[in-house]
Amino acid sequence: MKIDRIHHVAYRCKDAKETVDWYVRHLNMDFVLAIAENQVPSTKAPDPYMHLFLDAGHGNVLAFFELPNSPDMGRDANTPDWVQHIAFKVDSVQTLEDTKARLQAAGIEVIGVTDHTIFKSIYFFDPNGHRLELAADVGTPEMYQKLDAVKWDMLEEWNKTKRAPTHAAWMHDKEFHPAH
């Protein structure tokens, strides 16, 4: 078996309408489907929910559940805020800069543009507290080939030492970041 693609990724939201409105307004996503039940289909538990589906482009679907009878949303306090996030690909660094300006004009705090050598990105939070990233690829075929060639060695070294391997330290060299 080989996975075809992600069918959808589901997260919890605080307010279904606010979430749909926010993603449509700020990320220009289309609202494609809503499913509401009073009973969970898989477990048969009596737990009403609203399940929303938003088009994240190219067949990718971002979904949310509003669960009015569950305790308030929380997050894993042992995981830093920057770790768990949803990253969306955009077409250019100009789109990142334009979107950053639009989000900030709407009162949304934005981190970046952050330079990751092979892509640049911005970070911000949705109204549910989910961290989002918009990323624009800027790497060259040679950069991706160099990274591909060392991925297994890096993983093996990490697995043994739990220290960052230096196989791709070139990504932080001045040659690739002349402004540093």
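If you filter region 2-41 down to residues that are among the charged types (D, E, K, R) and under 22 Å from SER70 (Cα atoms), you find that the one that is modelled with the lowest pLDDT is GLU37.
Being closer than 18 Å to ASN28 by Cβ, basic (Lys, Arg) and not assigned by TED's automatic domain parsing to the domain that holds ASP15 is true of ARG102.
Per this entry, GLY139 is not counted among residues that are free of Cβ contacts under 8 Å to residues at least 24 places away in the same chain and on the phi > 0 side of the Ramachandran plot. Among the residues making up region 24-62, a single one is aliphatic (A, V, I, L, M) and exposed (fewer than 11 other Cβ atoms within 10 Å of the Cβ): ALA45.
The values are calculated or read from the model by the stated rules, or taken from the named source; none is laboratory data. Computed from a prediction, not measured in an experiment: that's the story for all the values here. Counting neighbours? That spans all protein chains shown, and the Cβs are built from the backbone with ideal geometry, glycine included.
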